[in-house]
Amino acid sequence: MQLGYAIVAVDEEVTAKKFYVTPEGFEVSAKATKLHGISQETLMAAGKSLEEVLREFLSDVVEACGKGARVVAHQIEETPFFSNNHPHSPHYP
């Protein structure tokens, strides 16, 4: 539904980005909207495809790591792509 991150490299300004992801193959439930404050309508109007969001995110990560920066994420263990069980994960066995 949403991906937000900040990248901090030594002696550089903080880069912060937030994206809404267009729901593909699912509907945002009323319960999820109440919990997160993000509705199906908001995602459809302001969202980008998951592929587009992940491409930009990964590009930023690669660039940041090349500068010696670190990536810190909140709840990344709950994100399927980054789990050890997802076949496209960098940690997949």
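The values are calculated or read from the model by the stated rules, or taken from the named source; none is laboratory data. Only a predicted model underlies this, so the values are computations on that prediction, with no experimental measurement involved. Neighbour counts run over all protein chains shown; Cβ positions are idealised from the backbone, glycine included.
At-a-glance table
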{"item": "Any hit, the range 35-45, residues being under 16 Å from Val71 (Cβ atoms), at pLDDT 85 or above, in contact with a helix residue (DSSP H, G or I) (Cβ under 7 Å, 6 or more places away or on another chain) and surrounded by 12 or more Cβ atoms within 10 Å (Cβ to Cβ)", "result": "no"}
{"item": "Unique residue being among the charged types (D, E, K, R), modelled with pLDDT under 80 and assigned to a helix (DSSP H, G or I) when the list is Glu77, Glu52", "result": "Glu77"}
